[in-house]
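Everything below concerns the one structure shown next.
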Amino acid sequence: MVDTGDARTPAVTKAVVPAAGLGTRFLPATKATPKEMLPVVDKPAIQYVVEEAVAAGLDDVLLITGRSKRSIEDHFDRAYELEEALATKEDWDKLALVRESSELAIMHYVRQGDPKGLGHAVLCAAQHVGSEPFAVLLGDDLIDSRDPLLTRMIDVRDQFGGSVVALMEVDPEEVSLYGCAAIAPTADDDVVMVTDLVEKPVPGSAPSRWIVIGRYVCDSAVFGVLRETQPGRGGEIQLTDALKVLAAKGELRGVLFHGRRYDTGNKLDYLRTMVMFATQRPDLSSEFIPWLRKYLEGMP
Ligand code: G1P
């Protein structure tokens, strides 16, 4: 544990990444391949997420996995045969790419067993995390590395203690797809007190247009609450419901995020994300953008 100079507020060093979902939105691609391994251009979505955790100083990463997720573990492990073949060919660039993911972070894995919801997945991290605060990163959301959200959330946790969610303002018709927060201002423009949370509110009943995006910094107190949390929306143990209890105690803040977030959780957003990443890649954009323009011009 890193000493932050305040015994009550240990530093955040661990990241928890739930990756046990069945990925049914992407069938048949996800029949034998975890959805977390679907590429965004040429890198599996999960690698961007682990890179984000590492960039925020969290190089202890616990993945909550389930059945058919072995390729995720292989991806973050050494691949001796492949490395040897690339070394023999003196293909150093590709060798570096292959090694990168195995050298990123100290990876740990625990299996969720029963898919009982996001709250239950996070509870599976209790033994590994112990009594330290920790970050949770959901793989469906990618945050642009130029907009460092997690670092700010960790600052807020270091300063005030408690737990922190990331909030983004969306159109009213989108609110019911997410957890939604009732908020009150604080002295910091980008920080709010979260006074209530509702998981996927029915249209018209949302407390605001501020939705919870897939980044959390949780105090370990959340584990005790999760153990008591009954199944909620969709019959699942919801992380939102546990955080709502912390919100009622004045122990939950929100960081208002105005940066770039990319969704890979459904087909349309995944396609948008892929195109956005491709158009920003220096090695692809000069050919891809003119082709895309021409293709669209030729569309009926
Ligand atoms: C989960 C959370 C929800 C949050 C969302 C962010 O929902 O339960 O509160 O707003 O992630 O992506 P899911 O996307 O798993 O349905």
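VAL136 meets the conditions (1) within 25 Å of VAL255 (Cα to Cα); (2) among the β-branched types (Val, Ile, Thr); (3) in a strand (DSSP E or B); (4) away from the ligand (no atom under 16 Å from the Cβ) in every case but one. The failed one is (4).
Does VAL98 satisfy the condition of being closer than 29 Å to GLY66 by Cβ and in a strand (DSSP E or B)? Spell out how you get there, then give the answer.
Values: closer than 29 Å to GLY66 by Cβ: yes; in a strand (DSSP E or B): no.
Here the answer is no, as VAL98 does not meet what is asked.
The criterion of at least 3 residues that are small (Gly, Ala, Ser) is met by the following strands (runs of 3 or more DSSP E) wholly inside the range 167-263: 179-185.
When restricted to residues that are of a type in the set (Gly, Ala, Ser) and within 15 Å of the ligand (Cβ to nearest atom), the range 222-256 contains 6. Considering the conditions (1) among the small types (Gly, Ala, Ser); (2) more than 30 Å from ARG157 (Cα to Cα); (3) part of a helix (DSSP H, G or I), ALA53 is excluded by exactly one of them, (2).
Can you work out which of the residues in the range 176-223 that are among the basic types (Lys, Arg) and touching a residue at least 40 places away in the same chain (Cβ under 8 Å) is surrounded by the fewest Cβ atoms within 10 Å (Cβ to Cβ)?
As a first pass, look at the range 176-223 and keep what is among the basic types (Lys, Arg): 200, 209, 215.
The next check asks that each one be touching a residue at least 40 places away in the same chain (Cβ under 8 Å); those that pass are 209, 215.
Working: ARG209: 15, ARG215: 27.
The extreme case among them is ARG209.
Does ALA20 satisfy being under 22 Å from ASP269 (Cα atoms), within 16 Å of the ligand (Cβ to nearest atom) and either modelled with pLDDT under 95 or not aromatic (Phe, Trp, Tyr) (or both)? Yes, satisfied. Residue count for the range 108-154 satisfying the condition of being over 14 Å from the mean Cα position of the chain (by Cα) and surrounded by fewer than 16 Cβ atoms within 10 Å (Cβ to Cβ): 10.
For the range 95-103, the criterion of being buried (at least 21 other Cβ atoms within 10 Å of the Cβ) and under 27 Å from VAL275 (Cα atoms) is met by at least one residue. A count restricted to the range 155-179 and to residues that are more than 17 Å from the chain's Cα centre (by Cα) and hydrophobic (A, V, I, L, M, F, W, C) stands at 4. Considering the range 227-245, and only residues there that are among the basic types (Lys, Arg) and at pLDDT 95 or above, the residue that is surrounded by the most Cβ atoms within 10 Å (Cβ to Cβ) turns out to be LYS244.
The values are calculated or read from the model by the stated rules, or taken from the named source; none is laboratory data. Owing to the predicted nature of the structure, the values given are computational and were not obtained by experimental measurement. All Cβ positions, glycine included, derive from the backbone under ideal geometry; neighbour counts span all protein chains shown.
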